[in-house]
Structures are given as C-alpha cells and as structure tokens.
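As structure tokens, the structure follows; a few thoughts come after it.
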Amino acid sequence: MIKEVTYRYDFGEGDIVFEKKQVIEISKDVVIRVSKEMESGIMVDRVAKTREGYYVYVEEVMLLHVDEGAIANFQIEELYGLSAIGLLTKLSNLTLGRDA
C-alpha cells in the first residue's frame, strides 16, 4: 500500500526535522521511497515507527541511482503492484535512462 508518512530526522543538539514522504511498505520496518533531492533515486530504507506514528530512518538497505531526467517525472505509484519481473524491468530502465 502507498502511504504518505512523516519521517522524523534527529540531527542531534535539538535539530529535529519532519518531512512528509510517500512510501510503499514492504514490511513493518522496510519501505521503498523515491528521492528527487540531492541523490536522486529509489531507496529501500529500514525504518522504525514512533508511538506518535512518525517514521524514523534507521538505515539504507539499498539505493538505486536514477538519472535526474528519468526521475523528474517519476511517481512512486508506477512501482506499486508490479510483479517481481516488472519491478526489475522498471528499475533497470530507470537506471539506464530509458523511458519504461
């Protein structure tokens, strides 16, 4: 299921940032998200949920770098519901800068 969640980043010394993200939950502590910021790509993150319902980034499981041109108009909904082969095909085409 695609969900809009709030990530809570704690950079120490009271520097806390909240960011809304769209994710696909793979399991209770692993999500897929798309980043169009500095490192554009598709991330698989391990997360923890706080009592308040915020997602806290724990670690990066995988980062797939995607060409900036290909990721610019990409929406996470394009991944939801794909078969394993469909997902791998879509990800390889994005990585190679092809229109999937």
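For a protection proxy built on the mean count of beta-carbon atoms within 10 angstrom, sort 75-84, 22-31 highest first, please.
Details: 75-84: 11.8, 22-31: 14.9.
Ranked by mean Cβ neighbours within 10 Å, highest first: 22-31, 75-84.
Using a 1.4 angstrom probe, figure out how much accessible area the chain has per residue, in square angstrom, rounded to the nearest whole.
65 Å²
If you bin every alpha carbon distance in the chain into 5 Å steps from zero, what whole percent lands in each bin?
In whole percents, the pair-distance histogram is 2, 12, 21, 25, 18, 11, 6, 2, 1.
Label ASP67 and LYS36 with points 7 Å out from Cα along Cα→Cβ: what is the distance between them in nm?
It works out to 1.8 nm between the two label points.
Is there a quick way to get the dipole size of the chain? I mean about its Cα centre, with the Cβ of Lys and Arg at +1 and of Asp and Glu at -1; what is the value in debye to the nearest 20?
400 debye
In percent, how large is the relative contact order of the range 33-76, given Cα pairs closer than 8 Å and 6 or more residues apart?
Here the relative contact order equals 40 percent.
Give the relative contact order (percent, whole number) for the chain; include only Cα pairs under 8 Å separated by 6+ residues. Don't skip to the end; give the middle numbers.
Numbers: 174 pairs, mean separation 21.3, N = 100.
Reported relative contact order: 21 percent.
If you roll a 1.4 Å probe over the chain with all protein chains in place, what percent of the accessible area is carbon or sulfur?
52 percent
The values are calculated or read from the model by the stated rules, or taken from the named source; none is laboratory data. This one's a predicted model, so the numbers in the text were calculated from it and none came from an experiment. Because the Cβ atoms are built from the backbone with ideal geometry, glycine has one as well, and the counts that use them run over all protein chains shown. To get the accessible areas, we keep the full protein, side chains included, count just its heavy atoms, and leave off ligands, DNA and RNA. Shrake-Rupley method; radii C 1.70, N 1.55, O 1.52, S 1.80 Å.
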